[in-house]
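Following: one structure in structure tokens, then a few remarks.
Derivation of every value follows stated rules applied to the coordinates shown; laboratory data play no part. All values reported here derive from a predicted model rather than from experimental measurement. Cβ atoms come from the backbone with ideal geometry, glycine included; neighbour counts cover every protein chain shown.
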């Protein structure tokens, strides 16, 4: 470990809990049609978008919050949340972005200034409800790649938005997705044209900053025939005593022979050891393998949030399409995670892989919930699932709920599940070889997560490892 | 010269007292074999020396190079040069064998004020040892002990011993589950470590291993005490008369 990493680790605190001191435009708390009109106006949206939002809102009012997750939390008062917050100065270009925001992003490890931008990684920086800047957009446009905020895309590429938005996660899909459809603020739009292999990693960094606001981002990625893109998202939030709601929707579409690799490192503020504060993270992520031979791969490292409710899924519609889900979910302090995936096999010879690793420490509760569904026409479908849980200490818990629905009796489905405690024998073995206790625990945990980390792009794998160390610091012994 | 000096050691596992005033001194450059019936306290003794959590020392003391180690953390004892070859080495999934061993070696080198080995230097070192032990090169890139056969696990213990170069080496049932080829390879590894300075404590049920690693002393452990100490000639007598015979004859 680098020495500054070590310093951070020893402090054992949430390292990204600072606040950016900027003037913010915040909508008054409350949600009604006026709020939605306000958001739409703030974003200079065309009329058709507002109509869709209002339609979603009408639907949402008839829905009830789902409670089937193994999660225990105080009810959310949707009228006490502010649905829009934005840094006051709306920048036209990077020169106009508030230096404090640039400084804050630098602190998060993401330099936005042109000369210091990360090599080979294009970034969309989102603060609260707006995208403040997007790097490398011009460079990418030379390849025909569109990489911009969803707000810009609604104005600039209405045909693509109309065609694909809500095509994977319908507006009335579930309570939180419908809420998002009504009030979504910013997020990223990516379009990779036919036959293009995106020349760099794309990423979005979401930062919640304003007090008492929800963040409702929406991301849409479309990969045309024979194209490829690797996309990464990161997120963090200030340390606060109040819970904050984050309800995002992500839609992915791959056409024939296309591939999307989507990685997440989720590090929202987790709250304290008594469950005070922290982000409520209710997210709908789904990918549609629309074309034959296409592939969607989700990799997630979930270390933050007080509550995580999230099931990145794949609908394998094209023949021979492939869905993958690799997940490490860590719950420590009083965190609760109910996470997993759905693999819906519709096309012939489709295959899916699920590798889920849950780590629980202190009072953390970790649930894997997964569905493998094999449709009547999905002959030759195959699934492999592996769900492993690791417990550190005796107050935490791990739970596994795998569901299987098969209409095709020929389908091949394999499921393996294990739960293990970091055993005293493993720890002792490493210590007897001169490795101190803390390093020994970290070695065992990293070993446990290896299958998932190996799926992450290099830079992110390094970040994920460091983050894991930081998260589990102080929860051992 | 005495490397390890165990004085009147009393130790418990849970509520049960296992060691009852055990005295034992290991000499530099010598091989000490501990033999004894099941339940005599052989494994408890090795655990007490390395500071295993299961064992509570309730009386007496253990001195290593003149210093009491009773209160030392297990990793400190290891860094100071005490090594235990485990009877049942645990499997640690996903932890690369070479990465683990390099971390351990560099922890020790750092402790000794030496420079850490880089990956290339370490790999060269490993290659030599692997060949000596008749281990397949892919053993170092596999997960630590995961899916290893009994023989592979024991060879891996000896590999660690060769790399870490400890001063006091405890071999707990190193011969159990080994076929003749593995036994020979393991013994050769051990014999190579004999340099006139290191002490060996060979804990065993059977005399077979002692044909390969010639002991200087045989200690018989019974009911938590060393009840007899003699030269290697005791092995033959034990074979013939059994533990009861020896002890009755006392």
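Can you work out the FRET efficiency for the pair residue B:7 and residue B:208, with r the C-beta to C-beta distance and R0 = 51 Å, to the nearest 0.05?
That pair, residue B:7 with residue B:208, gives E of 0.95.
Three principal axis extents, largest first, for the C-alpha atoms of the range B:149-208, in Å?
The Cα atoms of the range B:149-208 stretch 29, 23, 15 Å along the principal axes, largest first.
Can you grab the distance from the C-alpha centre of the range A:211-235 to the C-alpha centre of the range A:285-311, Å, no decimals?
Their Cα centres are 11 Å away from one another.
Given R₀ = 35 Å, what would the calculated FRET efficiency be for residue A:384 paired with residue B:132, taking r from the Cβ atoms and rounding to 0.05?
On the way: r = 40 Å, r/R0 = 1.14.
Efficiency, from the Cβ-Cβ distance: 0.30.
Could you estimate the translational diffusion coefficient of the range A:240-329 from the Stokes-Einstein equation, with Rh from the Kirkwood formula over C-alpha pairs, at 25 °C and 0.890 mPa s, in whole µm²/s?
Answer from the Stokes-Einstein relation: 176 µm²/s.
Can you work out the FRET efficiency for the pair residue B:149 and residue B:111, with r the C-beta to C-beta distance and R0 = 30 Å, to the nearest 0.05?
Calculated transfer efficiency: 0.40.
Going by Cα centres, the range A:359-418 and the range B:189-215 are how many Å apart?
49 Å
For chain B, find the longest principal axis of its Cα atoms and tell me its angle to the long axis of helix B:180-193, 0 to 90°, nearest 10.
90 degrees
Report the antiparallel proportion of the DSSP beta bridges in chain A as a percent, rounded to a multiple of 5.
On the way: 11 of 137 bridges.
Percent antiparallel among DSSP bridges in chain A is about 10.
Using Cα atoms only, what is the angle between the long axis of helix B:150-164 and the major principal axis of chain B, expressed in degrees (0 to 90) to the nearest 10?
Between the helix axis and the principal axis of chain B, the angle is about 80 degrees.
Choose one answer from B:181, B:61, B:167: the residue with the largest mean-square fluctuation in a GNM of chain B with alpha-carbon springs under 10 Å.
Of B:181, B:61, B:167, the Gaussian network model singles out B:181 as fluctuating most.
With no solvent and one point per C-alpha, what does the Debye sum give as log10 I(q)/I(0) for chain B at q = 0.12, 0.13 Å⁻¹?
The Debye formula, applied to the Cα set alone, gives -0.70, -0.83.
How big is the C-alpha Rg of the range B:45-160 next to the rule-of-thumb value 2.2 N^0.38 Å, as a ratio? The partial results should precede the final answer.
Details: Rg = 15.8 Å, N = 116, 2.2 N^0.38 = 13.4 Å.
So the Cα radius of gyration is 1.18 times the expected 2.2 N^0.38 Å.
Along the Cα-to-Cβ line of residue A:78, 7 Å from the Cα, sits a label point; which residues in the range A:210-246 have backbone N less than 19 Å from it?
A:212-218, A:243-246
Restricting the calculation to Cα positions, tell me the Rg (one decimal) and the Dmax (whole number) of chain A in Å.
21.5, 69
Can you give me the angle between helix B:234-249 and the longest principal axis of chain B, using Cα atoms only, in degrees from 0 to 90, rounded to the nearest 10?
It works out to around 40 degrees.
Hey, can you rank A:178-189, A:396-407, A:199-210 by average C-beta count inside 10 Å, highest first? Could you put the intermediate results ahead of the total?
Working: A:178-189: 25.8, A:396-407: 16.4, A:199-210: 22.1.
Ranking, from highest mean packing down: A:178-189, A:199-210, A:396-407.
From the Cα gyration tensor of the range A:416-466, with a ≥ b ≥ c the square roots of its eigenvalues, which class applies: rounded if a/c is under 1.5, or else prolate if a/b is larger than b/c, or else oblate?
Judged from the Cα gyration tensor, the range A:416-466 comes out oblate (a/c at least 1.5, b/c at or above a/b).
Calculate for chain A the 222 nm mean residue ellipticity that helices alone would give, adding -39,500 (n - 2.57) per DSSP H run of length 4 or more and normalising by residue count, nearest 500 deg cm²/dmol.
Working: 11 runs with 111 residues, N = 477.
Calculated mean residue ellipticity at 222 nm is -7000 deg cm²/dmol.
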